[in-house]
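Each value in this text was obtained by applying a stated rule to the coordinates, not by laboratory testing. Since this is a predicted model, take the numbers as computed values, not measurements. Neighbour counts are summed over all protein chains in view; Cβ atoms, including those assigned to glycine, are modelled from backbone coordinates with ideal geometry.
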2 protein chains.
Amino acid sequence: MKHLPHKTIERLSQYRRALLLCHAKGMTHIYSHEIAKIQHITAVQVRRDIMLIGYTGTLRKGYNVKELIDLIGQIIDSVEGINVCVAGIGNLGRAITNYFSGKRTKLSIVAVFDVDKSKIGKKYHGIECYAIEEMARVIKDKKIEIGIITVPAEDAPAISEMMVKAKIKGILNYTPKPVNVPSEVYLEEYDMITSLEKVAFFVKTD
Amino acid sequence: MKHLPHKTIERLSQYRRALLLCHAKGMTHIYSHEIAKIQHITAVQVRRDIMLIGYTGTLRKGYNVKELIDLIGQIIDSVEGINVCVAGIGNLGRAITNYFSGKRTKLSIVAVFDVDKSKIGKKYHGIECYAIEEMARVIKDKKIEIGIITVPAEDAPAISEMMVKAKIKGILNYTPKPVNVPSEVYLEEYDMITSLEKVAFFVKTD
DNA sequence: TTAACAATGTGAAATAATTAACATTTTTCT
DNA sequence: AGAAAAATGTTAATTATTTCACATTGTTAA
Ligand SMILES: NC(=O)c1ccc[n+]([C@@H]2O[C@H](COP(=O)([O-])OP(=O)(O)OC[C@H]3O[C@@H](n4cnc5c(N)ncnc54)[C@H](O)[C@@H]3O)[C@@H](O)[C@H]2O)c1
Ligand SMILES: NC(=O)c1ccc[n+]([C@@H]2O[C@H](COP(=O)([O-])OP(=O)(O)OC[C@H]3O[C@@H](n4cnc5c(N)ncnc54)[C@H](O)[C@@H]3O)[C@@H](O)[C@H]2O)c1
């Protein structure tokens, strides 16, 4: 199992999400076609992804839910866990902090940053908000490895640069302003308008 | 220009976003490598995408910004414009409604829905919040073609079903619960945790 | 005027991702 | 016991996407 395709990584995350629900419901085993149904993909695709991570199920019984959850965890989680910070605790920043907190054991938002004086020192879902000037120090002190950017778009490049200087390893940028990072920093960007426009394109009739 | 790849559609949306900024700054022309730089992709990719939509730039001058913006509009926008609704006006629903409003001329959020009595009848960024029971009627009356789902995850399937019954054409589901729709409804799903886990995977060292 | 340059446009090659096809194996049914 | 059914695992084929390589062509400058 050397190089997992990017798409496989994404799907593994989704499989685990689904499997955790199944496990909570008391299911011990699951078939590839059941996972496939949930994820709107083919059973072959599921089996291929699972093959790639070197797991094998039981014929006629399918995959052991718990085992598969644990193995996916071994693949995509890091042993120690990874600390995350959010820059810009506005509408989206708060929504994300709220949503993420406690969802995954190996990923924790441990700091949020803002420029707004009225926000600094406050807690958001139990997480302290620091002044943006303190970012370098806090990232170092708290061993933060991933930064989520939810500041106003025009400030995104400056924030990204600060994160890079603070030796962050990965950035998830939710602003519509693409940022530049050196190649050793992993960058993921997502704009909801692109998703909406994609839906609009496939829906339109003219 | 028959079948544009999905990836090309996404990038066209991103190119336009960048081009609109360039246009606002007064730039009249742009080179493929400049667009590429902004989007972190190769110039060939940009040229290929532009080729696919049948536009040609000027040698040594690059592409006419205004013309390209308009052509991308012809490709991804519908002439009449498309109306959109949001179900669940909580943290994420409000953030999205706020973010989208006025961003694109051909895409308008024209209604939001919720079950919370205290929210029904209120306006969010000028958009009226209706009771979820009224969804079918409002979707028909306001000619809504796309629905964005931001209700609690466990309610997502029910909301999706209501939208499908109301003859919506496309759904953008932001809950971590995959929903099932008939093949004639275009479905796009996105979970922020998957994105974060992807970053975590590429960042981890063990 | 002409050579060097810097851009676009594109067929062909390479790479990435998905799907088909089917061998294999366990279970169930007769 | 043997046949049929239903699952996994995997090679090979196919499809989708990206990149290479280079022909073409305005522009600039010697
Ligand atoms: N709201 C959404 O659904 C949504 C969706 C996609 C993208 N976005 C993008 O996310 C970003 C944030 O959106 P929002 O709706 O939360 O905006 P917002 O205005 O509510 O929040 C921005 C926050 O960033 C803080 N801030 C400003 N400058 C800062 C700086 N230099 N350093 C640190 N913090 C700073 C502000 O004080 C504020 O708290 C925007 O770029 C927006 O385009 C939002
Ligand atoms: N907050 C985020 O950043 C984020 C990110 C990704 C996904 N999500 C998902 O988006 C969804 C909403 O998240 P949130 O943070 O906005 O939650 P929230 O609780 O703030 O908002 C949910 C809203 O939906 C309403 N609602 C509940 N049942 C409803 C129904 N049957 N019909 C219509 N409206 C209903 C509630 O009244 C509330 O206003 C959740 O599924 C969450 O998992 C949130």
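Under 10 Å, Cα contacts only: if you run a Gaussian network model on chain B, which one of B:166, B:24, B:36 comes out with the highest mean-square fluctuation?
Result: B:24 has the largest fluctuation of those listed.
Can you pull the Kirkwood radius for the stretch A:82-194, inverse mean 1/r over Cα pairs, to one decimal in Å?
So the Kirkwood estimate lands at 13.8 Å.
Considering only A:186, A:78, A:205, whose Cα is most displaced toward the positive end of the charge dipole of chain A, charges sitting on Cβ of Lys, Arg (+1) and Asp, Glu (-1)?
A:78
Can you list the trypsin sites (Lys or Arg not before Pro) in the stretch A:1-50 that are in a DSSP coil and have 13 or fewer other beta carbons within 10 angstrom?
A:2, A:25
Using a 10 Å cut-off around each Cβ of peptide A:85-96, what is the average number of partner chain Cβ atoms that fall inside?
Going residue by residue through A:85-96 and averaging, the value is 3.
State the dimensionless ratio Rg/Rh of the stretch A:1-117 (Rg: radius of gyration of Cα atoms; Rh: Kirkwood radius).
With Rg and the Kirkwood Rh in hand, the quotient comes to 1.06.
Which one of B:22, B:92, B:65 has its Cα pushed farthest toward the positive end of the charge dipole of the protein assembly as shown, where Lys and Arg give +1 and Asp and Glu give -1 at the Cβ?
So the residue furthest toward the plus end is B:65.
Report, in debye and to the nearest 20, how large the dipole of the protein assembly as shown comes out about its Cα centre when Lys and Arg carry +1 and Asp and Glu carry -1 on their Cβ.
Computed about the Cα centre, the dipole is about 340 debye.
Residues with amide H under 5 Å of residue B:81's amide H, sequence separation 5 or more or different chain, H placed in the peptide plane at 1.01 Å from N; which?
Counting only residues 5 or more places away or on other chains, the set is empty.
Taking the Cα centre of each part, how many Å lie between the stretch B:1-67 and the stretch A:1-54?
Rounded to whole Å, the Cα centres lie 36 Å apart.
Would you mind computing the Rg to Rh ratio of chain A from its alpha-carbon coordinates, Kirkwood style for Rh?
1.02
Tell me, B:128, A:189 in order of fewest to most beta-carbon neighbours within 10 Å? Show your work: numbers first, answer last.
Values: B:128 14, A:189 20.
The order, fewest Cβ neighbours first, is B:128, A:189.
Can you sort B:58, B:175 from fewest to most other Cβ atoms within 10 Å of each residue's own Cβ?
On the way: B:58 9, B:175 23.
Taking fewest neighbouring Cβ atoms as first place, the list is B:58, B:175.
Is there a quick way to get the dipole size of chain B? I mean about its Cα centre, with the Cβ of Lys and Arg at +1 and of Asp and Glu at -1; what is the value in debye to the nearest 20?
860 debye
R0 = 41 Å: FRET efficiency of residue A:115 with residue B:142, Cβ-based, nearest 0.05? Don't skip to the answer; put the middle values down first.
Working: r = 39 Å, r/R0 = 0.94.
That gives a FRET efficiency of 0.60.
For A:21, B:12, which order do you get if you count the other beta carbons within 10 Å of each Cβ and list the fewest first?
Fewest-to-most ranking of A:21, B:12: A:21, B:12.
Compute the FRET efficiency between residue B:59 and residue A:41 as 1/(1 + (r/R0)^6), taking r as their Cβ-Cβ distance and R0 = 51 Å, and round to the nearest 0.05.
The computed FRET efficiency comes out at 0.70.
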